[in-house]
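Visitor: Let me begin by handing over the structure; questions about it come next.
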Amino acid sequence: MIFQDIVFWMLAVLSIGAALGVVLVKDLFRAALLLVVVFIAVAGFFVLLSAEFLAVVQVLIYAGAIAILIIFAIMLTRDVQHGNLPNRYHIPAATLAAVLLAVLIAVAVDTKWDLLGGQDQIKAQAVQTSAIRTLDSPGDLVSLEKAGFATEDERTAAQQAGLADLLIGDFVLPFEAVSLLLLAAVIGALALVRPR
Amino acid sequence: MTLESMMIVAAILFCIGLYGSLARRNVLMVLMSIELMFNGVNLTLVALAKYVAPAGIEENIAAVLTGQVFAVFIITVAAAEVALGLGIVFAMYRNTESVDLSNATELRN
């Protein structure tokens, strides 16, 4: 527990410091590199929250693909010498962001969250660790029993609970919609940059 | 590490991104700030998925993964947004030789 707290605070300082750097640093290229630091720190948060699959996706898509695209764009547009100038709305924008931050923190602290109870927490942990693969080896059965899945039905449910089962099962319509959206966005980007 | 501390970190990331996207003149900077905001939202969703009991958890234990599914969708939409956004940036740069948002006034009048 204490180790997790230390890692959490290190990641928090790293991600917030790097995020401040992204918006405040003069050099655009350095800002893009600091953005990669933020992405990797958020991947570390995902590992702390036992969302390992999302951490891998975060590193692959954000720190890999998106960061490379942005760095490419910065180099191709050759507007680096102007740097990262604020526009004339930067004081109202800072005020708005500070007010929103105060409201968000007040909501997060004051709300009475319906937290998972002790037994449920152990069960949820077991389901979240089965997120990537389906649990089926004999060792998994033992760990499921330890996690408090008493009956046969519950155990099969937890064995089948995985991100893939949810994505292709309950969320299949949004899944198809988002794949269509991605296809449309890529075709649109190609049409935009096509030489005339 | 509690739910509240995680959500406060996510809120700080979101608000830094909000400030950056409203107050910078470079359009690439605005895109990067929007990515920061996406990351704050994703962090909130995954933290809620870990700590908060979803409705109907007694019937379907897999409901604890719903927040992670939402985060997967947000990452996909963010990838689409960056692809399209950079396409628009290149088109704008080709037309005006600048990526300054204060100069992007072609749609005015």
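The values are calculated or read from the model by the stated rules, or taken from the named source; none is laboratory data. A quick note: this is a predicted structure, and the numbers were derived from the prediction, not measured. Glycine gets a Cβ as well: all are built from the backbone with ideal geometry, and neighbour counts include every protein chain shown. Calculation scope for accessible area: heavy atoms of the full protein, side chains included, ligands and nucleic acids excluded. Shrake-Rupley method; radii C 1.70, N 1.55, O 1.52, S 1.80 Å.
Visitor: Among the numbered criteria (1) free of Cβ contacts under 8 Å to residues at least 60 places away in the same chain; (2) within 7 Å of another protein chain (Cβ to nearest Cβ); (3) farther than 16 Å from A:ILE70 by Cα; (4) surrounded by fewer than 24 Cβ atoms within 10 Å (Cβ to Cβ), which single criterion is violated by B:SER102?
Guide: Condition not satisfied by B:SER102: (1).
Visitor: Whether any residue in the range A:24-31 is in contact (Cβ under 8 Å) with a residue 24 or more places away in the chain and touching a Phe, Trp or Tyr at 6+ places or on another chain (Cβ under 9 Å) is what I want to check.
Guide: Looking for residues that are in contact (Cβ under 8 Å) with a residue 24 or more places away in the chain and touching a Phe, Trp or Tyr at 6+ places or on another chain (Cβ under 9 Å), one finds none in the range A:24-31, hence no.
Visitor: Here is a further query. Does at least one position in the range A:136-154 carry a residue that is in a helix (DSSP H, G or I) and modelled with pLDDT of 75 or more?
Guide: Applying the first criterion (in a helix (DSSP H, G or I)) to the range A:136-154 yields A:138-146, A:152-154.
Among the residues that remain, those that are also modelled with pLDDT of 75 or more are: none.
The answer is no; no qualifying residue exists.
Visitor: May I pose another question? Give me a count of the residues in the range A:117-133 that are at pLDDT 70 or above and of a type in the set (D, E, K, R).
Guide: 2
Visitor: Then there's this: Kindly evaluate B:MET6 against the criterion of being in contact (Cβ under 8 Å) with a residue 24 or more places away in the chain, within 27 Å of A:ALA108 (Cβ to Cβ) and crowded, with 19+ Cβ neighbours inside 10 Å.
Guide: Working: in contact (Cβ under 8 Å) with a residue 24 or more places away in the chain: yes; within 27 Å of A:ALA108 (Cβ to Cβ): yes; crowded, with 19+ Cβ neighbours inside 10 Å: yes.
Here the answer is yes, as B:MET6 does meet what is asked.
Visitor: Next question. Give the residue, chosen from B:VAL64, B:VAL89, B:VAL82, that is closer than 14 Å to A:LEU166 by Cβ and open to solvent by less than 10 Å² (accessible area, probe 1.4 Å). Quick ask: steps written out before the conclusion?
Guide: Numbers: B:VAL89 fails: closer than 14 Å to A:LEU166 by Cβ; B:VAL82 fails: closer than 14 Å to A:LEU166 by Cβ.
Result: B:VAL64 is the single residue among B:VAL64, B:VAL89, B:VAL82 that is closer than 14 Å to A:LEU166 by Cβ and open to solvent by less than 10 Å² (accessible area, probe 1.4 Å).
Visitor: Now for a different question. Assess whether A:PHE8 counts as being in contact (Cβ under 8 Å) with a residue 12 or more places away in the chain, open to solvent by 30 Å² or more (accessible area, probe 1.4 Å) and aromatic (Phe, Trp, Tyr).
Guide: Working: in contact (Cβ under 8 Å) with a residue 12 or more places away in the chain: yes; open to solvent by 30 Å² or more (accessible area, probe 1.4 Å): no; aromatic (Phe, Trp, Tyr): yes.
Judged against the criteria, A:PHE8 is not a match.
Visitor: Moving to a separate point now. Among the numbered conditions (1) modelled with pLDDT under 90; (2) in a helix (DSSP H, G or I); (3) surrounded by fewer than 18 Cβ atoms within 10 Å (Cβ to Cβ), tell me where A:ASP170 comes up short.
Guide: It fails just one condition, (2).
Visitor: Could I ask something else about it? So which of A:PHE29, A:PHE46 is among the aromatic types (Phe, Trp, Tyr) and either in contact with a strand residue (DSSP E or B) (Cβ under 9 Å, 6 or more places away or on another chain) or more than 9 Å from chain B (Cβ to nearest Cβ) (or both)? Walk me through how you get there before you give the answer.
Guide: Details: A:PHE46 fails: either in contact with a strand residue (DSSP E or B) (Cβ under 9 Å, 6 or more places away or on another chain) or more than 9 Å from chain B (Cβ to nearest Cβ) (or both).
Of the residues listed, the single one that is among the aromatic types (Phe, Trp, Tyr) and either in contact with a strand residue (DSSP E or B) (Cβ under 9 Å, 6 or more places away or on another chain) or more than 9 Å from chain B (Cβ to nearest Cβ) (or both) is A:PHE29.
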